[in-house]
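Chemist: First the structure, then my questions, so here it is.
The values are calculated or read from the model by the stated rules, or taken from the named source; none is laboratory data. Every value quoted in this text rests on a predicted model; they were computed, and no experiment measured them. Counting neighbours? That spans all protein chains shown, and the Cβs are built from the backbone with ideal geometry, glycine included.
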Number of protein chains: 4
Amino acid sequence: MLAGNSIGKEFVVTSFGESHGKLVGVIVDGCPSGLPFSESDVQAELDQRIPLQRPDIVSARLEKDIVEISAGLFNGFTTGAPICMTVKNKETKSSDYDAIKDSPRPAHADYTARIKYGGFNDYRGGGRFSGRVTVALVMAGALAKKLLRTCGVDVLAYTTAIGKVKMGDNNLSFTEIQKRKFESAVRCPDLSCGERMIDAIVEAKKEGESLGGIIECVALNVPAGVGEPLFDALDADLAKALFSVPAVKAVEFGAGFASAELKGSENNDAFCIKEGKVVLSTNLAGGILGGISSGMPILVRVAVKPTPSISKEQKTVNLAKIEETTLRVSGRHDPCVVPKAVPVVEAAVAVTLADHMLRSGLVPRILKEQK
Amino acid sequence: MLAGNSIGKEFVVTSFGESHGKLVGVIVDGCPSGLPFSESDVQAELDQRIPLQRPDIVSARLEKDIVEISAGLFNGFTTGAPICMTVKNKETKSSDYDAIKDSPRPAHADYTARIKYGGFNDYRGGGRFSGRVTVALVMAGALAKKLLRTCGVDVLAYTTAIGKVKMGDNNLSFTEIQKRKFESAVRCPDLSCGERMIDAIVEAKKEGESLGGIIECVALNVPAGVGEPLFDALDADLAKALFSVPAVKAVEFGAGFASAELKGSENNDAFCIKEGKVVLSTNLAGGILGGISSGMPILVRVAVKPTPSISKEQKTVNLAKIEETTLRVSGRHDPCVVPKAVPVVEAAVAVTLADHMLRSGLVPRILKEQK
Amino acid sequence: MLAGNSIGKEFVVTSFGESHGKLVGVIVDGCPSGLPFSESDVQAELDQRIPLQRPDIVSARLEKDIVEISAGLFNGFTTGAPICMTVKNKETKSSDYDAIKDSPRPAHADYTARIKYGGFNDYRGGGRFSGRVTVALVMAGALAKKLLRTCGVDVLAYTTAIGKVKMGDNNLSFTEIQKRKFESAVRCPDLSCGERMIDAIVEAKKEGESLGGIIECVALNVPAGVGEPLFDALDADLAKALFSVPAVKAVEFGAGFASAELKGSENNDAFCIKEGKVVLSTNLAGGILGGISSGMPILVRVAVKPTPSISKEQKTVNLAKIEETTLRVSGRHDPCVVPKAVPVVEAAVAVTLADHMLRSGLVPRILKEQK
Amino acid sequence: MLAGNSIGKEFVVTSFGESHGKLVGVIVDGCPSGLPFSESDVQAELDQRIPLQRPDIVSARLEKDIVEISAGLFNGFTTGAPICMTVKNKETKSSDYDAIKDSPRPAHADYTARIKYGGFNDYRGGGRFSGRVTVALVMAGALAKKLLRTCGVDVLAYTTAIGKVKMGDNNLSFTEIQKRKFESAVRCPDLSCGERMIDAIVEAKKEGESLGGIIECVALNVPAGVGEPLFDALDADLAKALFSVPAVKAVEFGAGFASAELKGSENNDAFCIKEGKVVLSTNLAGGILGGISSGMPILVRVAVKPTPSISKEQKTVNLAKIEETTLRVSGRHDPCVVPKAVPVVEAAVAVTLADHMLRSGLVPRILKEQK
């Protein structure tokens, strides 16, 4: 079964389109009717993808993506029918990619895609495997976030590390992070740390190198009881969505890998009563127990590998001749995809939460009876 | 949609049963016909769950699980029909769990399950959320491993850390790991390190504490081309399966979190030619590029949190009275679930690989024409 | 993808077991928690399968099936976990079936199953393809019916034709049909017509022949708005469930095939107001418009083919020798499966409606908060 | 779960778009790579939808639909990525539909959709429920048919009845039907019968009436062994696809309803040997036994109800005022949708067969290794 371009069981997101094809698009099926929604909701998210403060730290492909919604809306509301959102590809210099047809770029999907599809895959710019395709997830995420907001749920991702530059502990509130995040070209709410991250990227770029980093994502106000064990556990489905974001190599919830070193008494979040309600006094579990949300903030962290495309010469092979060769990746590429990946991580979390809120029966199928 | 007890799209595993109910079981639908399979294949896996060398480091619930296969086999072969495997629960002291009915154990699913199911969930021993239920996955894993072996694929999990005791780098081959693993009660192939892990567990137990750890899993001989991007990427589906294993809080592939600190040239695995074949000179990607296997070993690592059940007194709340209280978990519990989780991780990887090998068309639907 | 033994998206029914294996069973995943349910609810349905009045018109295999529920219940309520129900096979004379190993019985699945599974299928008594396996659907149907009743929905199937004997138009109410149905060994609410049907079956049996018939099923009180177009239309999913019942060769809703001969003005059900509510003055649509329930009774009719097993000599082939031969089906078989198929049709409709009522958000995920 | 706009498990078809929105489209995920395919393959199918010989017997909406494929093709071949095909809506007179906003047209989905989506549905021209949306299925069908042809499978639908005019038995071969079908404006291969059908439609139109009919579909060369019992039986999935075609009210295979009146010996197709191969001497089963193809032609028949839209005055209600009223459907509508439904039935059968051929492992995932 080759079909793997849909995710979600109630809020079903289907991605389509290629980096250097006509467009990138997404269908969302299962969104309740009666949600006020328009292209401007999506455009706002798309516009935030590119850090306008420092265009030098991202790819030169600075196309302004304009969303078109061609199905599923009527009179400014969702109708209950599938919603189709697309963005046209404009700046596509396909000639840049002739070189990679037979010589796969290390750490890209060029080789594995060629094997899988027998060489029929659209290899230009990575085709379906390009970071470009994450635009589809961002568009679906815009819808998911609007839907979640009707339930009071907010999702927020931000950068906590670029290469070896790491944001230390801070006491920033959700609102402060939300406010400061976009002041930073790398989406790091600790602005001075963000400056050091930018310096590191600029340095790497000069060297013909690239950097990775860590993105953290918080979801506030997810009620207790969301998630469907055993296999459709909330963390399991969040991880699935996050690992489908290109370049993500690790996912952890709450204390994550650190919890492996703790003792039970250190790792167990105690229950207590606060203002008459059951809460947890700490949140090392990251808001999920037994695959079900606990009512505490959902906290997830992902590792993003350094951009595979670097200007330095790399060893590879010529697949047509079955011989070793070298390659220097030309074309436009980001020295660090972390800033652009921040909204994608946010979108992956949002669509998964929207799916699970619907699955838990916490979102009505008709959002508001129309007069 | 409450239904979440199945995983896989072609090799579909459905788990059922509770810790203190009549049985724990699994249905596997989609297994090709013609695979020689019997209860003894499963029994061998079940028998390895308990480290007989050191029963003191695991729960006192030392029941010998006897598998029964009640559907899907005929004349010693799979028939193409769903396969049903069950294990009866014998040693169930339900009275141990009266205390937790209203007072959720910290870091367990007691609270979240109660909210989700309105108090109707079988809370005895954690019910569906008990580690006991992983027996279902181990049984399905036995079938998956037998199926994978017809394609030459081998899956092997082992412990690399318990609490703060970590196995260092070693040059053990797959075969050596395979051989030594069961010599160690904690399933650590570095036997002297394994002894220190055991000491740490014994120490923790004395203190009324518990420990977590790290489990690594390797899959050998997975051909290039397995995995279905975008969303059914091989790493995405492996992560989903692994996060559905209780106590897993983090999953990483290859260099994982460490890759976030590397530069592109350090993290990119170069392609080269070896014996006329395209291979990668290193494997920091963990055998997966763009969600598709590269032909290199699949390498995944999970963090297991310390057992939530500890003898120490803990703060919790009484949900009936909405007041704070304390709790001391009685009943039988493992001071460290890592050794028992090793075969479960292996099974989670195996069922996912079996599913994806089938999806990739690499396993025939009839394994052998019967005479 | 061989996996095809599950149906439903929210109320997910997985069938397993073979005619001459150890058992026949079913897992239902997705049932809300808090539904009072026990083995006696299922047993009542199982007991009605066999027309005790006239055991001579059914197969000699008069085993009393005793249900066992081994997972998913606690303290008399559903828990939200998967529910496992099984029935043991007792009277299995496998030797009866040696003859069919290589000589497929006409109109049975012997040949197609052999091709599909490469000869590994359990052919005894038809294995997975036996009418025996419908017990699984009846058990799941018992649960579905109990769930539907919490919403006031009632499902009722009955026989309207056996061979050429057809029940004429009648003005029987739902309640009258319900009452009379079981007075008739063939489940025909027109009792005198039922007697003629019995005579026809007895006659056919004498001749070494078999008969088919028509079963009608009505679902009352399904609210308007149930069904998910485009492809998961209510009629589409009902038809899928019904065609998966062995021997069903045709399905129609409302006027069905007859509507093809009507003019628009004859076939269109007019809307009108009755007691302040919108209703339809007629119900030629069978309660479904555009794949969505209209609030009128759901009305579906299926054709059941004559039992393939007949005592008369039939032409077939020897698959081992690839030569023509003849066969006389020995063993126990029903001269007419219609009476036994009535509860199966009812179950197929009930599980589909339960699934769609859940999908439409009309059944809460927790049926009642437990004290 | 509102999401119901996808069908298929391996060849997954997702429909989107509305009658009076911007476009109607379809995504097909799971198509193997390496299939030569282009817009002209689809255009040929779209062009056949409208019987150019007699435009007077169809709706005045004679828009020429031009397909655009915007994803999933590269260098003239499928790539293995999702394929997106769309057709723009041009002739949309939305004003025609103001009247139906509150007054549902009898036998249309206006009322049920309004209830289901709380009035947010795009009611113009029936929105998602319009016959217009079947263009999506026809486009997916064009791809499915091209894929099936690589396996030698041919699918052919044609009209056998319009109202009371029925095509009698004939000995037309598949090739003759194929050739003559398009000579008839109503797609009836018996051309003189087709003329009488046209007369009946013209007559009905004059009266302000509409007619329904019967469409038969044959699939040739489907190998034995296709179909996945229990629930994903080939007939079950074909029926599901066919009932999701608007206006279909009945589906039968082979002898269908007539088989209910036959005796076993009459209905059982005997096996015999022909040219060294096992075949069936008759085909009353319609090519499917136990949900699996037998190697004989698949034969399915559907009843299409008369077009709900008629010019005659009809009784309905005003849903805003909850009072009875009358309505005369203005706007463009077909006096008989049967001719236009013929390619839709063909497409529904083709996509289901493509899905099941893939599921059975009978189509390789890469169709041809590219040089």
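Chemist: Return the only residue of D:VAL251, D:VAL317, D:VAL279 being in contact (Cβ under 8 Å) with a residue 24 or more places away in the chain, within 29 Å of D:SER173 (Cβ to Cβ) and of a type outside the set (Ser, Thr, Tyr).
Modeler: Just a single option satisfies the conditions, and that option is D:VAL251.
Chemist: Still on this structure: Name the residues in the stretch A:150-185 that are closer than 18 Å to A:VAL345 by Cβ, in a loop (DSSP other than H, G, I, E, B) and of a type in the set (Ser, Thr, Tyr), would you?
Modeler: A:SER184, the sole residue that qualifies.
Chemist: Taking the condition touching a helix residue (DSSP H, G or I) at 6+ places or on another chain (Cβ under 6 Å) and on the phi > 0 side of the Ramachandran plot, does D:GLY286 pass?
Modeler: Here the answer is no, as D:GLY286 does not meet what is asked.
Chemist: Additional query: Restricting attention to the stretch A:117-149, and to residues there that are part of a helix (DSSP H, G or I) and among the hydroxyl-bearing types (Ser, Thr, Tyr), which single residue is surrounded by the fewest Cβ atoms within 10 Å (Cβ to Cβ)?
Modeler: A:THR134
Chemist: Taking the condition of being part of a loop (DSSP other than H, G, I, E, B) and in contact with a Leu (Cβ under 8 Å, 6 or more places away or on another chain), how many residues in the stretch A:237-267 meet it?
Modeler: 5
Chemist: Run down A:VAL24, A:VAL13 and say which single residue is more than 7 Å from every other protein chain (Cβ to nearest Cβ), within 25 Å of D:GLY118 (Cα to Cα) and buried (at least 24 other Cβ atoms within 10 Å of the Cβ).
Modeler: One residue alone meets the criteria, A:VAL13.
Chemist: If we scan the stretch C:256-274, do we find a residue that is touching a residue at least 40 places away in the same chain (Cβ under 8 Å) and in contact with a strand residue (DSSP E or B) (Cβ under 9 Å, 6 or more places away or on another chain)?
Modeler: yes
Chemist: Of all residues in the stretch B:138-164, how many are over 16 Å from the mean Cα position of the chain (by Cα) and among the hydroxyl-bearing types (Ser, Thr, Tyr)?
Modeler: 1
Chemist: Does D:VAL133 count as more than 29 Å from C:PHE231 (Cβ to Cβ), modelled with pLDDT of 95 or more and aliphatic (A, V, I, L, M)?
Modeler: When the stated conditions are applied, D:VAL133 does not pass them.
Chemist: Another question, then. Considering only residues of the stretch C:197-233 that are touching a Phe, Trp or Tyr at 6+ places or on another chain (Cβ under 9 Å) and closer than 12 Å to C:THR352 by Cβ, which is farthest from the other protein chains (Cβ to nearest Cβ)?
Modeler: C:CYS217
Chemist: For the stretch B:8-29, does any single residue satisfy the condition of being among the basic types (Lys, Arg) and within 30 Å of A:GLY30 (Cβ to Cβ)?
Modeler: yes
Chemist: Can you confirm whether the stretch B:35-56 contains a residue that is crowded, with 24+ Cβ neighbours inside 10 Å and either within 14 Å of chain A (Cβ to nearest Cβ) or in a loop (DSSP other than H, G, I, E, B) (or both)?
Modeler: Yes, that holds for at least one residue.
Chemist: Also, I was wondering about something else. Between B:GLY80, B:GLY30, which is among the small types (Gly, Ala, Ser), over 18 Å from the mean Cα position of the chain (by Cα) and more than 14 Å from chain A (Cβ to nearest Cβ)?
Modeler: B:GLY80
Chemist: Determine which single condition C:VAL342 fails, assuming it passes every other condition in (1) within 16 Å of C:VAL153 (Cβ to Cβ); (2) surrounded by 20 or more Cβ atoms within 10 Å (Cβ to Cβ); (3) more than 8 Å from every other protein chain (Cβ to nearest Cβ); (4) not acidic (Asp, Glu).
Modeler: Checking C:VAL342 against (1) within 16 Å of C:VAL153 (Cβ to Cβ); (2) surrounded by 20 or more Cβ atoms within 10 Å (Cβ to Cβ); (3) more than 8 Å from every other protein chain (Cβ to nearest Cβ); (4) not acidic (Asp, Glu), the one that fails is (1).
Chemist: Identify all residues within the stretch A:265-290 that are more than 7 Å from chain B (Cβ to nearest Cβ), surrounded by 20 or more Cβ atoms within 10 Å (Cβ to Cβ) and in contact with an Asp or Glu (Cβ under 7 Å, 6 or more places away or on another chain); write none if there are none.
Modeler: A:LEU280, A:LEU284, A:ILE288
Chemist: OK, next. Can you pull out the residues in the stretch D:146-186 that are of a type in the set (Lys, Arg) and touching a strand residue (DSSP E or B) at 6+ places or on another chain (Cβ under 6 Å)?
Modeler: D:LYS181
Chemist: Just checking, which of A:GLU203, A:GLU228 is of a type in the set (D, E, K, R), farther than 25 Å from A:VAL133 by Cβ and crowded, with 24+ Cβ neighbours inside 10 Å?
Modeler: One residue alone meets the criteria, A:GLU228.
Chemist: Look at the stretch D:320-363 and say how many of its residues are in contact (Cβ under 8 Å) with a residue 60 or more places away in the chain and among the acidic types (Asp, Glu).
Modeler: Residues in the stretch D:320-363 being in contact (Cβ under 8 Å) with a residue 60 or more places away in the chain and among the acidic types (Asp, Glu): 3 in total.
Chemist: Still on this model: Scan the stretch B:57-91 for residues that are part of a loop (DSSP other than H, G, I, E, B) and within 17 Å of B:ILE27 (Cβ to Cβ) and jot them down.
Modeler: B:GLY72, B:THR79, B:GLY80, B:ALA81, B:PRO82, listed by residue number.
Chemist: Can you tell me which of (1) crowded, with 21+ Cβ neighbours inside 10 Å; (2) in contact with a Phe, Trp or Tyr (Cβ under 7 Å, 6 or more places away or on another chain) is the one D:LEU299 doesn't meet?
Modeler: (1)
Chemist: Quick one: what pairs do we get from the stretch D:216-228, first residue on the phi > 0 side of the Ramachandran plot and in contact (Cβ under 8 Å) with a residue 12 or more places away in the chain, second of a type outside the set (Val, Ile, Thr) and part of a strand (DSSP E or B), C-beta under 9 Å, 6+ apart or different chains?
Modeler: Close Cβ pairs (under 9 Å, with a partner that is of a type outside the set (Val, Ile, Thr) and part of a strand (DSSP E or B)) amount to D:ASN221/D:ASP154; D:GLY225/D:SER293; D:GLY227/D:SER293.
Chemist: Continuing with this model, one more query. Looking only at the stretch B:249-262, which residues are facing another protein chain (nearest Cβ under 7 Å) and surrounded by fewer than 21 Cβ atoms within 10 Å (Cβ to Cβ)?
Modeler: Of everything in the stretch B:249-262, just one residue is facing another protein chain (nearest Cβ under 7 Å) and surrounded by fewer than 21 Cβ atoms within 10 Å (Cβ to Cβ), namely B:LEU262.
Chemist: Can you name every residue in the stretch B:15-31 that is touching a Phe, Trp or Tyr at 6+ places or on another chain (Cβ under 9 Å) and assigned to a strand (DSSP E or B)?
Modeler: Hits for the stretch B:15-31 are B:SER15, B:LEU23, B:VAL24, B:GLY25, B:VAL26, B:ILE27, B:VAL28, B:ASP29.
Chemist: Just to verify a result, which residue in the stretch B:294-333, among those that are in a loop (DSSP other than H, G, I, E, B), of a type in the set (A, V, I, L, M, F, W, C) and under 18 Å from B:SER130 (Cβ atoms), is nearest to the chain's Cα centre (by Cα)?
Modeler: B:ILE310
Chemist: How many of the residues in the stretch D:200-215 are assigned to a helix (DSSP H, G or I) and touching a residue at least 24 places away in the same chain (Cβ under 8 Å)?
Modeler: 5
Chemist: On to the next question. So, in the stretch C:302-318, of the ones that are over 17 Å from C:THR352 (Cβ atoms) and more than 7 Å from every other protein chain (Cβ to nearest Cβ), which residue ends up surrounded by the fewest Cβ atoms within 10 Å (Cβ to Cβ)?
Modeler: Across the stretch C:302-318, the extreme among qualifying residues is C:GLU313.
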